[in-house]
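Asks: Quick one: this structure, given as structure tokens, is what I'll be asking you about.
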Amino acid sequence: MDMGTFPITLDPTHLDGLPADHLLRLFLGHFGPGFAVSTSFQRDGLVIIDMALRIDPATRIFTLDTGRLPQETYEIMEAVRAKYGARIELVYPDTAELESMTTRFGPDLFRHSVAQRKLCCQIRKVRPMERKLAELDAYAVGLRRGQSGERAETPKAQLIDGKWKLAPIADWTSQQVEDYLTANDVPRHPLESRGYPSIGCAPCTRPVAPGEHERAGRWWWEAEGGKECGLHVTPEGKMKRELDVLLDEVLAPRR
């Protein structure tokens, strides 16, 4: 299959103008197994999975298993395996880091403060993601600019610390996502039909009410801190300093 040639010197601003399938084709053609789709199996990520597997059925797919996922997320994983014959790579938190964190702050530390919630995300998501990316050259995510204010400027392609990060449908609307899923008979996360437009860990996600923003159900008890875990938007200022102190407490025994 001819998947095109990747223009190594191409400016990311030019890549931003390419259609989603063209962008995926370019990167799959150049990087092969050095490219993967990162997903939590929400509707936007399922679009990327379907699109990529249509281009190359051997596309690598990985997900972060935080240890606190709802059962329905495992069900959609199995549905994707069954439909596409896909091999899904599960990435787990470091056991020693997880034990250290929960021993110090408790298993439900995310309820205590925004900083402790972000610490939980660091140990369960961000650091495992960093370890996974060490074996890749490029990866794609299901971010869209309309998902939140923090994501409004999301580029379709950016080079971060030597790794290409793609958001192929960054410029899509929610309706475009819905139209694609319907037209291509893409499997749906079971919680979507129960009012969950955004799905993360079970204790940190709830359904949204009519008229609420699609990410209103994530960490809904927080009055500040932004609806982000740190995978795509890095904490700044005072929050970053607080997070660094907590992270140092968790990692200190290992140094």
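The values are calculated or read from the model by the stated rules, or taken from the named source; none is laboratory data. Note that this is a predicted model, so its numbers are computed, not measured. Counting neighbours? That spans all protein chains shown, and the Cβs are built from the backbone with ideal geometry, glycine included.
Asks: Any residue that is modelled with pLDDT of 95 or more and hydrophobic (A, V, I, L, M, F, W, C) - is there at least one of those in segment 9-21?
Replies: For segment 9-21, residues modelled with pLDDT of 95 or more and hydrophobic (A, V, I, L, M, F, W, C): present.
Asks: Return the pair list, or none, for Cβ contacts closer than 7 Å from residues in segment 227-248 that are under 20 Å from G217 (Cα atoms) to residues that are modelled with pLDDT of 80 or more and of a type in the set (S, T, N, Q), at least 6 apart or on different chains.
Replies: Pairs that qualify, where the first residue is under 20 Å from G217 (Cα atoms) and the partner is modelled with pLDDT of 80 or more and of a type in the set (S, T, N, Q), are G230/Q122.
Asks: OK, next. Tally the residues that are surrounded by fewer than 20 Cβ atoms within 10 Å (Cβ to Cβ) and either charged (D, E, K, R) or outside any helix (DSSP H, G or I) (or both), restricting the search to segment 139-171.
Replies: Number of matching residues: 13.
Asks: Being surrounded by 19 or more Cβ atoms within 10 Å (Cβ to Cβ), in contact with a Lys or Arg (Cβ under 9 Å, 6 or more places away or on another chain) and without any contact (Cβ under 8 Å) to a residue 40 or more places away in the chain narrows it down to one residue among I88, I76, I61; which is it?
Replies: Result of the check over I88, I76, I61: I61.
Asks: Another question, if that's okay. When both residues are 6+ apart or on different chains and their Cβ atoms are under 8 Å apart, which pairs have a first residue that lies in segment 95-110 and is polar (S, T, N, Q), and a second that is assigned to a helix (DSSP H, G or I)?
Replies: S100/V250; S100/L251; S100/P253; S100/R254; T102/L109
Asks: Scan segment 111-136 residue by residue and report those that are hydrophobic (A, V, I, L, M, F, W, C) and touching a residue at least 12 places away in the same chain (Cβ under 8 Å).
Replies: Listed by number, the residues that qualify are V114, A115, L119, C120, C121, I123, V126, M129, L133, L136.
Asks: Can you name every residue in segment 174-205 that is at pLDDT below 95 and part of a loop (DSSP other than H, G, I, E, B)?
Replies: G195, Y196, P197, S198, I199, G200
Asks: Continuing with the same structure: Of the residues that sit in segment 206-244 and are aliphatic (A, V, I, L, M) and at pLDDT below 85, which one is nearest to L69 (Cα to Cα)?
Replies: Across segment 206-244, the extreme among qualifying residues is L231.
Asks: Continuing with this model, one more query. Here are the criteria: (1) at pLDDT 95 or above; (2) touching a Leu at 6+ places or on another chain (Cβ under 6 Å); (3) within 27 Å of P19 (Cβ to Cβ). Tell me which single one V91 does not satisfy.
Replies: V91 satisfies all of (1) at pLDDT 95 or above; (2) touching a Leu at 6+ places or on another chain (Cβ under 6 Å); (3) within 27 Å of P19 (Cβ to Cβ) except (3).
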